[in-house]
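The values are calculated or read from the model by the stated rules, or taken from the named source; none is laboratory data. Quick caveat, the model's predicted, so the values are computed rather than measured. In this analysis, Cβ positions are derived from the backbone assuming ideal geometry, glycine residues included, and neighbour counts consider all displayed protein chains.
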Amino acid sequence: KAGVTQTPRYLIKTRGQQVTLSCSPISGHRSVSWYQQTPGQGLQFLFEYFSETQRNKGNFPGRFSGRQFSNSRSEMNVSTLELGDSALYLCASSSTGGNTIYFGEGSWLTVV
Amino acid sequence: DQQVKQNSPSLSVQEGRISILNCDYTNSMFDYFLWYKKYPAEGPTFLISISSIKDKNEDGRFTVFLNKSAKHLSLHIVPSQPGDSAVYFCAASIMNNNDMRFGAGTRLTVKP
């Protein structure tokens, strides 16, 4: 069974630009969560989608948004990028009713 | 607010000895706890979990202990191996709610 796949793995953007990151969950998983990891901050919860609906949301500004498609694939978007948005963005999926989430390898975003 | 705390940013142990990683949480609603292991440039890998109806869960060399009254959990690795060197994240959630909160991580180094 293929794991969680995230694209792109690495990208560099300029301040003020926007970025879209993509995530394909494990086959059969309908819940997709997004996390931001920065040095010393651990994993900060961004949001979680289930059946194309945002079910939970963390404490991030509105510049961070996401969506989920009918095939459970998900995208997250960050608009008006700031230097502080440089981080590893991790996607995780879980099965319906499951409590364990499984992570992809992440997308490294550098904002210059 | 940091609902899950790992107060030790790093831990160094000798190969063959026990590694004990600690985690505290503040939200008494949490009833499902997990440990993830993360190598550089990879996504976190699920290690072991425990629900609040138990106080111990064991899987090979890894044992997680939960003290609900103290809102404390710990991960014991016995015996420690050099391949265990990684960052370990503690996570907590409310059962069936994928809004999972993570600690800042503890970097474990196992010396040969």
Problem set entry | All positions within the range B:67-89 that are more than 9 Å from chain A (Cβ to nearest Cβ), in a strand (DSSP E or B) and crowded, with 21+ Cβ neighbours inside 10 Å | B:Leu73, B:Leu75, B:Ile77, B:Ala86, B:Tyr88
Exercise. Are any residues in the range A:15-31 in contact with a strand residue (DSSP E or B) (Cβ under 7 Å, 6 or more places away or on another chain) and either part of a loop (DSSP other than H, G, I, E, B) or at pLDDT below 95 (or both), and if so, which ones?
Worked result: A:Arg15, A:Gln18, A:Pro25, A:Ile26, A:His29, A:Arg30, A:Ser31
For this session: Under 9 Å between Cβ atoms, at least 6 apart or on separate chains: pull out the pairs that start in the range A:36-58 with a residue that is part of a loop (DSSP other than H, G, I, E, B) and end on any residue that is among the polar types (S, T, N, Q) and surrounded by 13 or more Cβ atoms within 10 Å (Cβ to Cβ).
Result: A:Ser51/A:Ser31; A:Ser51/A:Gln68; A:Ser51/A:Ser72; A:Glu52/A:Gln68; A:Glu52/A:Ser72; A:Gly58/A:Gln36; A:Gly58/A:Gln44
For this session: Give the range B:9-25 a look and list any residue that's outside any strand (DSSP E or B) and under 14 Å from B:Pro82 (Cα atoms), or say none.
Result: B:Glu15, B:Gly16, B:Arg17, B:Ile18
For this session: Six or more apart or on different chains, Cβ under 9 Å: which pairs go from a residue in the range B:95-112 that's more than 7 Å from every other protein chain (Cβ to nearest Cβ) and closer than 13 Å to B:Leu34 by Cα to one that's surrounded by fewer than 22 Cβ atoms within 10 Å (Cβ to Cβ) and of a type outside the set (Val, Ile, Thr)? Could you list them?
Result: none
For this session: Please specify each residue of the range B:1-52 satisfying the condition of being of a type in the set (A, V, I, L, M) and more than 15 Å from the chain's Cα centre (by Cα).
Result: B:Val13, B:Met29, B:Ala41
Exercise. What number of residues in the range B:54-76 are of a type outside the set (S, T, N, Q), without any contact (Cβ under 8 Å) to a residue 24 or more places away in the chain and over 16 Å from B:Gln6 (Cβ atoms)?
Worked result: 8
Exercise. Residues A:Leu43, A:Leu90: which one is within 13 Å of chain B (Cβ to nearest Cβ), under 10 Å from the mean Cα position of the chain (by Cα) and either of a type in the set (A, V, I, L, M, F, W, C) or crowded, with 18+ Cβ neighbours inside 10 Å (or both)?
Worked result: A:Leu90
For this session: Could you please find all residues in the range B:26-46 being without any contact (Cβ under 8 Å) to a residue 12 or more places away in the chain, at the interface with another protein chain (Cβ under 7 Å from one of its Cβ atoms) and either surrounded by fewer than 21 Cβ atoms within 10 Å (Cβ to Cβ) or not in a loop (DSSP other than H, G, I, E, B) (or both)?
Result: B:Glu42
Exercise. From the set of residues in the range B:11-25 that are touching a Ser or Thr at 6+ places or on another chain (Cβ under 9 Å), under 28 Å from A:Ala87 (Cα atoms) and more than 12 Å from chain A (Cβ to nearest Cβ), which is surrounded by the most Cβ atoms within 10 Å (Cβ to Cβ)?
Worked result: B:Leu21
Problem set entry | Filter pass, B:Gly60 being away from chain A (no Cβ under 13 Å), within 22 Å of A:Gly106 (Cβ to Cβ) and either surrounded by fewer than 14 Cβ atoms within 10 Å (Cβ to Cβ) or not small (Gly, Ala, Ser) (or both) | no
Exercise. (1) touching a Leu at 6+ places or on another chain (Cβ under 9 Å); (2) within 11 Å of chain B (Cβ to nearest Cβ): which one isn't true of A:Val32, the others all being true?
Worked result: (1)
